[in-house]
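Have a look at the structure below, then the notes.
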């Protein structure tokens, strides 16, 4: 199964639906509030359409199977803010291909963090980017996250289509 990267705006209903699935999965790991409309809010989603923020859908067989939200900091480094592949599309190499496409889409250094509640994500990112520098950082919320960094030249190449 090959995957393609499709840029979308923050108001794309497919992104919103996939984001709800992602946040639902998170609710099993960390406290994730649900609102009165039975939706998981994602404050700041509207920003993912500007020059320093982007949203991508992962599309395989003409169906959306995941997404990434990325943002660039003042120093020019890109950050993977959120990354998600639906359960039915996992463990087939699709996520690794999508990650390589995301990292290749924007030249420059990259970084992302993984929370300790999500060891499967840490294993995934270690496989996808084995050359990433790894540190542990404590956030403002007191949670120690694993930070992974790739310099511009170290981003993995996308798998051939």
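The values are calculated or read from the model by the stated rules, or taken from the named source; none is laboratory data. Only a predicted model underlies this, so the values are computations on that prediction, with no experimental measurement involved. When we count neighbours, we look across all protein chains shown, and the Cβ atoms used for this are built from the backbone with ideal geometry, even at glycine.
Overview of results
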item	result
In the stretch 42-73, the residues that are more than 14 Å from the chain's Cα centre (by Cα) and farther than 16 Å from residue 13 by Cβ	43, 44, 47, 50, 51, 52, 60, 61, 62, 73
Failed criterion for residue 5 (all others in (1) in contact with a strand residue (DSSP E or B) (Cβ under 9 Å, 6 or more places away or on another chain); (2) farther than 19 Å from residue 90 by Cα hold)	(2)
The stretch 85-100, subset within 16 Å of residue 126 (Cα to Cα) and modelled with pLDDT of 90 or more, residue nearest to the chain's Cα centre (by Cα)	99
Some residue of the stretch 126-138 being surrounded by 13 or more Cβ atoms within 10 Å (Cβ to Cβ), touching a helix residue (DSSP H, G or I) at 6+ places or on another chain (Cβ under 6 Å), within 25 Å of residue 76 (Cβ to Cβ) and at pLDDT 90 or above	yes
Every residue from the stretch 85-114 that is surrounded by fewer than 17 Cβ atoms within 10 Å (Cβ to Cβ), assigned to a loop (DSSP other than H, G, I, E, B) and touching a residue at least 60 places away in the same chain (Cβ under 8 Å)	92, 93
